[in-house]
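Working notes for the structure below.
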Amino acid sequence: MKFSVSLVSLVAAASSVAAHGVITTPSPRVVGAANQAACGTGAYTVLKSDKAGPIENAVAKIDSSFDAQACQLFFCKGYQLEDNIKNTRKYAPGTVVPIHVDLIAHHTGSAVNLATQKTIGKPLFLWPVYANDSLGPSAWPKNETDFEITIPDLGSQCSTVGACAIQWWWYASKVRQTYESCIDFTQ
Ligand SMILES: *[C@@H]1O[C@H](CO)[C@@H](O)[C@H](O)[C@H]1NC(C)=O
Ligand SMILES: *[C@@H]1O[C@H](CO)[C@@H](O)[C@H](O)[C@H]1NC(C)=O
């Protein structure tokens with residue numbers, strides 16, 4: 001166990017904070033009626049109340065109205081394409097996309113930026129250590145909250161809405177919490 005008890009209790013306090021991290025630019029997928037239908041009332045209520053919260057909080061509230069086929073909580077946080085049909089954009093190969101993460105609580109972990117539920121190619125941006133909670137604000141790497149990715153040439157595989165998304169994934173190993181945001185796009 002590499003973390004001290006005092007750090008674990010500090011993190012436990014932080015995890016009661018309502019929100020931790022979410023992409024705010026470009027506008028990511030959000031919750032809606034299709035999410036409620038797929039994920040059921042319990043998980044939906046958590047997802048709706050805290051857009052930056054860890055997925056595990058929603059898992060904890062899964063009830064009998066949860067549809068495990070339709071609601072993949074660990075893919076795009078269970079947010080549904082049907083709620084986001086108009087929230088998509090077209091990226092030509094080589095487009096540089098500036099991304100902003102609203103990082104509300106720091107929990108040490110690793111993060112990756114990938115495309116599609118099955119990853120296409122290499123991560124577009126990779127942080128081997130993300131949101132190190134031993135660092136003070138002046139030492140926070142700027143690229144944890146503001147970074148750019150370059151969209152690769154994806155051939156024809158991303159031509160229809162819903163086929164591809166940019167997914168930001170952060171697993172905070174210390175508190176065992178997962179954060180995700182998805183940006184739908186076509187090419
Ligand atoms: C977090 O930052 C501290 C202070 O710089 C450093 O000692 C520690 O190794 C870092 N943690 C990780 C997982 O890199
Ligand atoms: C992010 O910034 C840190 C320094 O703050 C740097 O070491 C790291 O290489 C950068 N990551 C990428 C993927 O550019």
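Tell me, what is the FRET efficiency for LEU126 and LYS86 to the nearest 0.05, using R0 = 30 angstrom and their Cβ-Cβ distance as r? Mind showing how you got there, number by number?
Working: r = 31 Å, r/R0 = 1.02.
Given R0 = 30 Å and the Cβ-Cβ separation, E is 0.45.
Ranked by Cβ crowding within 10 angstrom, fewest neighbours first, how are LEU73, LEU81 ordered?
On the way: LEU73 21, LEU81 17.
Ordered from fewest to most neighbouring Cβ atoms within 10 Å, LEU73, LEU81 come out as LEU81, LEU73.
Suppose only helical runs count, i.e. DSSP H with n ≥ 4. What mean residue ellipticity at 222 nm does that imply for the chain under -39500 (n - 2.57) per run, divided by all residues and rounded to the nearest 500 deg cm²/dmol?
On the way: 3 runs with 32 residues, N = 187.
Value at 222 nm, helices only: -5000 deg cm²/dmol.
Convert each backbone phi in the range 53-66 into a coupling constant with the Karplus relation 6.51 cos²θ - 1.76 cosθ + 1.60 (shift: θ = phi - 60°), then list the ³J(HN,Hα) values in order as whole Hz, x for Gly and Pro.
Working through the residues one at a time gives x, x, 4, 4, 5, 6, 4, 5, 10, 4, 10, 5, 8, 7 Hz.
Between THR186 and residues 5 or more places away or on another chain, which pairs have amide H atoms under 5 Å apart, with H built 1.01 Å from N, and which residues are they?
ARG89, LYS90, TYR91
Would you work out the charge dipole size for the range 73-187 about its Cα centre, treating the Cβ of every Lys and Arg as +1 and the Cβ of every Asp and Glu as -1, and quote it to the nearest 20 debye?
Numbers: 9 positive and 10 negative charges, 39 e Å.
Once rounded to the nearest 20, the dipole reads 180 debye.
Using the Karplus curve 6.51 cos²θ - 1.76 cosθ + 1.60 with θ = phi - 60°, work out ³J(HN,Hα) for each residue of the range 167-183 in order, rounded to whole Hz, and write x for Gly and Pro.
10, 9, 10, 9, 10, 8, 4, 5, 10, 6, 10, 10, 10, 8, 9, 10, 10
For LYS142, LYS122, LYS48, what ranking results if the residue with the fewest other Cβ atoms within 10 Å of its Cβ goes first? Spell out each step's value before the answer.
On the way: LYS142 7, LYS122 11, LYS48 15.
By the 10 Å Cβ count, ascending, the order reads LYS142, LYS122, LYS48.
Mind checking which aspartates and glutamates have their Cα closer than 19 Å to the Cα of LYS86? Skip sequence neighbours fewer than 8 apart in that chain.
ASP184
Tally Lys and Arg at +1 and Asp and Glu at -1 over the other residues with C-beta under 13 Å from the C-beta of ASP102: what net charge comes out? Walk me through the numbers on the way to the answer.
Values: positive: LYS51; negative: ASP50, GLU144, ASP146.
Neighbourhood net charge equals -2.
Viscosity 1.002 mPa s, temperature 20 °C: what is the translational diffusion coefficient of the chain from Stokes-Einstein with a Kirkwood Rh over Cα pairs, rounded to a whole number of µm²/s?
Values: Rh = 17.1 Å.
Answer from the Stokes-Einstein relation: 125 µm²/s.
What percentages, rounded to whole numbers, describe P(r) for the range 78-187 computed over all alpha carbon pairs with 10 Å bin width beginning at zero?
13, 44, 31, 12, 1
At a Cα cut-off below 17 Å, give the lysines reachable from LYS61, other chains included and same-chain residues fewer than 8 away excluded.
LYS48, LYS51, LYS77
Since every read-out is calculated from the coordinates, none of them should be taken as a lab result. Since the structure is predicted, the reported quantities are computational estimates derived from the model, not experimental observations. Every residue, glycine among them, receives a Cβ derived from its backbone with ideal geometry; neighbour counts consider all protein chains shown.
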